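This report concerns only the one structure given below.
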Amino acid sequence: MNLKPIFVLIIIVSLILQLRNCEYGAEHQVKFDKFDPKYENAHLTAVSAQNLLGEKEYAEALRYYEMARTEMEHPNIRADKGEDIYINYGFVMNDIGVIHLSWALYGEEMDTDISHIDPKEVDMAELGKARDALETAIDFYLRWYGHNKDDYELFAKAISESYTNLGTTLKYSGEQEKALEAFRLALLHNPDSHNAKRAFEILDISPTPYVEAGKEELKKHKKLPI
């Protein structure tokens, strides 16, 4: 089964818009009043990357995202180990993946006016970079959640987005079944994911069973009233 090319147009444009509108910091650390000062430089660098993305300076935005990643992976910080509260490492890796995915499909010029993507024209090297970054984000979220079991909602929404992005990447890598599994996992963690639902609908597959499974999973993690 092949996902229709127009599906990716919808996905990528919406992802770029999401990245330009998201905010690093408090929004991604809902239960904390402030982040540890040791993350300040990484935080400011990620904000700069986001601002550049908003200005459509994709290459420069990627450079800043990579700088933020390097700062987070410093031995004195180790945000990538997932044992601390700084979940923004995962968000940065997801955003790096989205930029590479966008370039793989539309080139660095980001010509999103096209409505058809020729699989032969896809940049497989960029697609590989996208996959590596997205798989890293997913692995990080899973390890982070192992140390932050009381924050399922934040974890679930974050990993759902990365699974959706990974599904699109896998589709254009020619791994259709793995792509569908990624979309299923996206809905399992966030049954409200519009893009994941759309992936199934375009294939004439009802997303309802996967949405219902996601709702049941969410119930398991709902906090009981005190």
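Bear in mind these aren't lab numbers, they're just calculated from the coordinates by the rules spelled out. These numbers come from a predicted model, not from an experiment. Because the Cβ atoms are built from the backbone with ideal geometry, glycine has one as well, and the counts that use them run over all protein chains shown.
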Q. Of K56, K120, how do they rank once you tally other Cβ atoms within 10 Å and put the fewest first?
A. K120, K56
Q: Go through K56/K197; K157/K222; K178/K219; K149/K215 and tell me which ones have a Cα-Cα distance over 24 Å in this structure.
A: K56/K197; K178/K219
Q) Any idea what diffusion coefficient the range 68-226 gets from Stokes-Einstein, in µm²/s, Kirkwood Rh on alpha carbon pairs, 10 °C, 1.306 mPa s? A) 96 µm²/s
**Q.** Residues D151, D95, D139, D36, sorted so that the one with the fewest Cβ neighbours within 10 Å comes first
**A.** D36, D139, D151, D95
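So between I85 and V47, what do we pick up on full extension, going 0.36 nm a residue minus the alpha carbon distance? Can you show the working numbers first?
On the way: separation 38, 0.36 × 38 = 13.68 nm, distance 1.77 nm.
Additional length available on full extension: 11.9 nm.
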Q: Pick out, in residue order, every one of the GluC sites (Glu not before Pro) in the range 152-191 that is DSSP loop and has at most 15 other C-beta atoms within 10 Å; say none if there are none.
A: E175
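With a 10 Å Cβ neighbour count serving as the proxy for reagent exposure, in which order, fewest first, do I205, I87 appear?
I205, I87
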